[in-house]
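The values are calculated or read from the model by the stated rules, or taken from the named source; none is laboratory data. If you're wondering where the values come from, they're calculated on a predicted model, not measured in any experiment. Don't worry about glycine lacking a Cβ; one is built from the backbone with ideal geometry, like all the others, and counts go over all protein chains shown.
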């Protein structure tokens with residue numbers, strides 16, 4: 001499962017994930033201070049509770065998907081961020097797929113896959 005926007009990342013050429021969408025709104029000063037604090041608290045929770053895939057740290061051309069077994073817990077944690085996107089009229093899609101490509105990183109919560117030219121490898 002992946003929550004992604006409708007604009008492409010400059011790195012992957014694949015639709016940006018929910019974290020990038022929210023950080024972009026912060027960088028454009030579109031969030032109030034309270035909204036910014038809320039999103040940063042969500043982002044910090046994920047940083048504190050989920051390992052950051054090494055390919056993501058290295059800013060490689062990868063995207064991540066939540067594993068379906070852990071999706072309900074992650075969606076619950078991300079719900080306030082999705083509400084912020086709704087409030088700021090930033091469209092996003094919730095993608096469920098049975099094919100994510102070749103997995104180059106995996107932990108209990110997520111997988112990371114490589115993308116090239118905006119397509120999953």
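For the stretch 40-63, indicate whether the set of residues that are out of contact with any strand residue (DSSP E or B) (no Cβ under 7 Å at 6 or more places or on another chain) and farther than 25 Å from residue 25 by Cα is non-empty.
no
If we scan the stretch 11-18, do we find a residue that is touching a helix residue (DSSP H, G or I) at 6+ places or on another chain (Cβ under 8 Å), part of a helix (DSSP H, G or I) and either at positive phi or surrounded by 11 or more Cβ atoms within 10 Å (Cβ to Cβ) (or both)?
yes
Quick check, is residue 63 without any contact (Cβ under 8 Å) to a residue 40 or more places away in the chain and surrounded by 13 or more Cβ atoms within 10 Å (Cβ to Cβ)? I'd like the intermediate steps shown before the answer.
Details: without any contact (Cβ under 8 Å) to a residue 40 or more places away in the chain: no; surrounded by 13 or more Cβ atoms within 10 Å (Cβ to Cβ): yes.
No, not satisfied.
Whether any residue in the stretch 37-57 is under 17 Å from residue 13 (Cβ atoms) and at pLDDT below 95 is what I want to check. Can you show your working first?
Step one: of the stretch 37-57, the residues under 17 Å from residue 13 (Cβ atoms) are 55-56.
Then keep just the ones that are at pLDDT below 95; that gives 55-56.
For the stretch 37-57, residues under 17 Å from residue 13 (Cβ atoms) and at pLDDT below 95: present.
Taking the stretch 24-40 as the search range and keeping residues that are assigned to a helix (DSSP H, G or I) and either in contact with a helix residue (DSSP H, G or I) (Cβ under 9 Å, 6 or more places away or on another chain) or touching a residue at least 24 places away in the same chain (Cβ under 8 Å) (or both), which one is nearest to residue 7 (Cα to Cα)? First the steps, then the outcome.
In the first step, residues of the stretch 24-40 are kept if they are assigned to a helix (DSSP H, G or I); the result is 24-27, 33-40.
From the residues that got through so far, the ones that are either in contact with a helix residue (DSSP H, G or I) (Cβ under 9 Å, 6 or more places away or on another chain) or touching a residue at least 24 places away in the same chain (Cβ under 8 Å) (or both) too are 25-26, 35-36, 38-40.
Working: 25: 13, 26: 16, 35: 22, 36: 21, 38: 23, 39: 20, 40: 22 Å.
Applying the filter and picking the extreme gives 25.
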